[in-house]
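The values are calculated or read from the model by the stated rules, or taken from the named source; none is laboratory data. On a predicted model such as this, the values are computed, not experimentally measured, just so you know. Backbone-built Cβ (ideal geometry, glycine too); neighbour counts: all protein chains shown. All accessible areas refer to the heavy atoms of the entire protein, side chains included, with ligands and DNA or RNA removed. Shrake-Rupley method; radii C 1.70, N 1.55, O 1.52, S 1.80 Å.
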Amino acid sequence: MIGIQIDEEKLLVSLSGQIENMFKQLLAAQKPDELLTRERLASEVFHCAPSTLDKHVFCNNDFPFIEVGEKRKYSRLAVEDWIRRRQLTERGMYQWEEFKKKGARNK
């Protein structure tokens, strides 16, 4: 057996410095959140007309918004998370279509 002596204090200092640097890099990489108007949400996130959001997006009860006074604002990060959670793969879409067909037959 080979004996190795480790200076625990130097190891801890070295590791804590590396962990601190990694943490700083993660924080720097995060996007800051911002509140978007309906128009900016349409153009910057969905790349569509605001009327398209009215018709196809805002009708979803789980769509995130914040009321600022009498106006609605939309957190970019919350909306991007909402989009991620609602994405379907091709297989998922196929399964959803099959589920809807079976549900219609059972009524």
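Quick rundown of the values:
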read-out: Members of the range 38-55 that are touching a Pro at 6+ places or on another chain (Cβ under 9 Å) and not acidic (Asp, Glu); value: 38, 41, 42, 43
read-out: Number of positions in the range 53-66 that are loosely packed, with under 12 Cβ neighbours inside 10 Å and of a type outside the set (S, T, N, Q); value: 5
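Residues checked against (1) open to solvent by 80 Å² or more (accessible area, probe 1.4 Å); (2) free of Cβ contacts under 8 Å to residues at least 40 places away in the same chain; (3) in a helix (DSSP H, G or I):
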site	(1), (2), (3)
10	yes, yes, yes
23	yes, yes, yes
28	yes, yes, yes
39	yes, yes, yes
42	no, yes, yes
48	no, yes, no
51	no, yes, yes
